[in-house]
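We did not get these values from a lab; they are worked out from the coordinates using the rules stated. As the structure is a prediction and not an experimental result, all values here were calculated from the model. So basically every Cβ, Gly included, is an ideal-geometry build from the backbone, and we count neighbours across all protein chains shown.
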Amino acid sequence: MENNANKIVIACSGASNTGCYTDEVARRMAKNGDANMLCMAKIAIGNKALIDKTKQSKKKIVVLDGCPVNCVDKIMKTQGFSGYIHINTTNFGITKGKTPLLDDKVNEIIDHIKIL
């Protein structure tokens, strides 16, 4: 979803609750026009067109990981990205495998990203 936001979000969409958080944050931000959401899988497979376009963008890139494994951060580094903002849901008191998806926590992360 393309919009005029000044941020790009690339989120983990992992199998745990923490991945649900990152995916939900990115989708809500895109829906509300607060960010452009990009497909992490396309970056992971080395989609040159998307990677080149993203690297050329003047927008802030925000990488959202769901747990300390930091898959998206590792993928971004593997594809030659640097200078992005890295956020992990566990830094917001969300526990992998335990914390249910809660609107107030999703909004807390969104509010944090908006002021970056």
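A few comments on the model shown:
- Matching residues in region 2-48 - criterion: being more than 14 Å from the chain's Cα centre (by Cα) and aliphatic (A, V, I, L, M): Ala5, Ala15, Ile45
- Close pairs from region 42-57: first farther than 20 Å from Cys12 by Cα, partner surrounded by 11 or more Cβ atoms within 10 Å (Cβ to Cβ) and of a type in the set (A, V, I, L, M), Cβ under 8 Å, at least 6 apart: Ser57/Ile8
- Residues in region 51-86 that are assigned to a helix (DSSP H, G or I) and hydrophobic (A, V, I, L, M, F, W, C) were compared, and the one that is surrounded by the most Cβ atoms within 10 Å (Cβ to Cβ) is Val72.
- Within region 8-54, tally of residues that are under 15 Å from Thr78 (Cα atoms) and of a type in the set (S, T, N, Q): 2
- Options Gly97, Gly93, Gly80, Gly66; residue that is in contact (Cβ under 8 Å) with a residue 12 or more places away in the chain and in contact with a helix residue (DSSP H, G or I) (Cβ under 6 Å, 6 or more places away or on another chain): Gly66
- Of residues in region 28-50 being charged (D, E, K, R) and not in a loop (DSSP other than H, G, I, E, B), the one surrounded by the fewest Cβ atoms within 10 Å (Cβ to Cβ): Lys48
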